[in-house]
Structures are given as structure tokens and as C-alpha cells.
Amino acid sequence: MRFPLHITTDMIKWQLKNKLNGQSRYPVVLMLEPLYTCNLACVGCTPERHQGDLKDRLSLDQCFEAVDQSGAPVVSICGGEPTVYPELPELIEGIIDRKRHIYLCTNGILLERFYAKGKPHKRLSINVHLDGMRDTHDFVCDKPGVFDTAVEMIKRGKQLGYSMCTNTTVFRETSMEEIEEMCEMLTGLGVDGIMISPGYHYQALETNHFLYRDEIHQKFKHVLKLSERYKISLTPLFLEFAAGERDYPCTPWGNVTRTPFGWKDPCYLIGKKYFKTWDEFWNGVDWDYWEKREDALCQNCLMHSGFEASVMRKLPESPQDMLRMAKWMMAA
């Protein structure tokens with residue numbers, strides 16, 4: 001199967017539960033950012049995600065409260081750099097005890113330290129950030145040697161029995177030939193999934209590295225072709241959307257985000273406001289407005305965090321798409 005069986009069954013149970021309760025809006029992924037402290041300052045990262053003080057991190061209790069309140073069957077632990085979080089092994093253990101699946105998103109630099117304390121589990125996938133081959137990745141991370149460390153930690157994780165995935169951001173300068181070379185290399189390492197995301201342009205960013213919508217369409221036509229040969233973790237329907245071949249409304253409530261500042265309004269990427277409590281957040285965000293994608297900050301966004309949930313939300317409207325997705329999910 002494309003994903004571990006328990007992810008699929010947990011997701012189906014969660015969807016049925018919400019449907020039976022009359023809920024049309026509900027999270028499917030919790031983006032948990034327990035800290036904004038990082039050991040890198042990558043060119044694609046916003047300042048608050050790498051300049052935070054470790055003392056301002058969320059406590060374990062706050063993290064577990066967020067997991068319980070969101071109810072999402074999948075938790076993506078990000079940040080900041082989560083391997084810097086001192087209580088990471090206890091956090092992962094507590095989330096697994098709650099029968100959630102975890103994607104631990106990391107630059108890989110301190111993974112050896114985590115390997116010494118943690119242990120593999122079917123509900124844990126380690127997702128290593130890799131933005132291309134050596135020269136490109138080290139440039140994006142603004143630090144030499146990061147690529148070699150990341151690759152070594154992927155190999156080490158596979159040896160130890162972890163599910164190992166990667167996450168790549170495509171920028172304006174990104175060569176799609178290099179992305180194909182990277183996919184070939186990662187396939188040789190036996191990775192369990194390759195995530196590829198567009199680094200999209202919005203008003204808060206002043207550099208020229210980020211993509212406008214038409215540029216994303218062109219690059220993701222290549223990614224769509226690569227998905228026929230490599231284990232790319234994005235659904236074919238989302239990739240067609242990113243390539244400009246179909247359209248979806250946004251589902252900003254699908255991936256809710258808890259940060260050291262509070263619950264982030266409206267989504268993982270755009271921080272218009274932060275709420276201290278779950279109820280204030282869930283009832284205070286204008287979901288109707290953000291779903292329409294009319295805000296200036298949303299014009300170039302084609303991110304999986306907003307639209308993979310839209311794929312699943314709209315799936316029942318097309319039996320043909322449902323059959324196609326079923327075949328994709330069952331593929332090795």
C-alpha cells in the first residue's frame with residue numbers, strides 16, 4: 001500500500017465519525033510546532049521559525065492538549081527544528097499512545113541524538129528536509145555539509161528500521177532535472193516517500209526565490225511525470241491541481257497549526273492572528289473567507305497543506321476519481 005494501513009483506516013474512521021456527527025469541517029492533520037528554535041536559517045524560512053528562544057517552547061502538556069483538541073489522526077511535528085526540543089522522545093511516545101501517526105519533520109543534523117533515545121514504531125515516520133542535491137541543498141540551508149549529514153541520517157534511519165521520508169521545496173531556481181536526480185538517489189536509498197512542495201510567493205516574502213502560480217504549474221507538470229516512476233507521496237489529483245489541470249477550493253481547517261504563540265489563523269503558512277484557546281480559534285476564524293482563496297496572500301498558494309484535504313473532501317463527488325485514488329492507494 002501507498003501508506004501504512006493504519007493511516008488509511010484511522011482517516012476513514014475519523015471521517016465517518018465527523019460525518020455521523022454532522023461535521024463538515026474538521027482537521028485531518030495537526031501541524032504541531034512545539035518550538036521556534038532552529039539550528040539553521042534556510043532561505044525559504046520565515047524569521048519566527050528559526051529565531052525563537054528555547055525557553056518559550058510549548059510544554060508537553062500543551063502539546064498533548066493540542067493533539068486531543070484537534071482530534072486529527074495525523075500529527076506533523078515541525079517548528080523550528082523539533083530535534084532541538086528537549087522532551088522530543090516523551091512527546092512522540094505520548095502521541096503514539098494516543099494512536100496518532102507522526103511525521104517528524106527535521107533537517108537531520110541532530111537525528112543521531114534522537115536515534116540514541118528513540119525507537120522505531122509503525123506510527124512514526126521521519127521526514128528529512130532535502131531541497132535538492134549537495135550544492136543546492138547546502139545553499140538553501142546556508143551551511144555546508146548539511147546535505148551529507150541528511151543523507152547519512154536517512155541511511156542510518158533505514159538501518160535502524162524507521163520509516164524514512166523526505167520533504168523538498170521547489171524554488172524558482174530549482175532545476176527539475178536535479179529534482180529527478182534527487183528522486184533517483186532517494187529511491188536507491190529505499191525511502192518510503194518523497195514529498196515535493198512549491199515555495200510560493202506571497203506578500204510577506206521579499207526575496208526572488210519564490211514561485212508565482214504559472215511558474216508552479218510549469219514545474220509541477222514535471223513532478224506529475226516523475227510521480228509515475230518514483231514514490232512521490234502526493235496524490236495524483238493534487239499533482240494535477242498543482243500542474244494547473246484541475247481546480248479546488250482551499251481547506252484551511254484541514255491542517256490546523258499549534259505554535260508557541262497559540263493556534264495560527266488561518267493556516268500553517270499565513271499567520272494573520274493567533275488564538276490562545278482551541279475554541280476561540282475554531283470558532284473565530286472566518287473559514288468561509290479563506291476557503292474562497294480570494295485574499296492577496298493566497299493568490300499563488302498551491303500547497304498540499306491546504307489542498308490535499310480538498311482532494312479528499314471533494315472525492316465523493318466523482319466516482320471516477322474515487323476509483324483512481326483507490327488504485328493509487330493500493331499501489332506498492
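Tabulated results
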item: Cβ-based charge dipole, the chain, positive-most Cα from 238, 274, 11; result: 11
item: Gain on full stretching of the segment that runs from residue 181 to residue 315 - 0.36 nm per residue minus C-alpha separation; result: 45.0 nm
item: Net charge of neighbours whose Cβ lies under 10 Å from the Cβ of residue 266, counting Lys and Arg as +1 and Asp and Glu as -1; result: -1
item: Intensity falloff of region 262-332 expressed as log10 I(q)/I(0), Debye formula with alpha-carbon point scatterers, at q = 0.18, 0.29 Å⁻¹; result: -0.82, -1.32
item: Order of 11, 31, 182 - criterion: other Cβ atoms within 10 Å of each residue's Cβ, fewest first; result: 11, 182, 31
item: Convex hull of Cα atoms in region 59-150, direction-averaged projection (nm²); result: 6.2 nm²
item: Cα shape, region 120-247, gyration tensor, a/c 1.5 rule; result: oblate
item: Relative contact order computed over region 5-330 (Cα-Cα under 8 Å; 6+ residues apart), in percent; result: 16 percent
item: Region 174-332 - Kirkwood radius from inverse mean 1/r over Cα pairs (Å); result: 17.1 Å
item: Residues residue 287 and residue 122, FRET efficiency given R0 of 35 Å [Cβ-Cβ distance, rounded to 0.05]; result: 0.60
item: Rg/Rh ratio calculated on Cα atoms of region 88-135 (Kirkwood radius); result: 1.03
item: Radius, Kirkwood style, for the chain when every pair of distinct Cα atoms is counted (Å); result: 20.1 Å
item: Restraint check, 155/231; 225/327; 276/314, Cα-Cα greater than 22 Å; result: 276/314
item: Net charge over other residues, Cβ less than 12 angstrom from the Cβ of residue 64 (K, R count +1; D, E count -1); result: -4
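Each value in this text was obtained by applying a stated rule to the coordinates, not by laboratory testing. Predicted model only: the values in this text are computed from it and were never measured. Cβ atoms come from the backbone with ideal geometry, glycine included; neighbour counts cover every protein chain shown.
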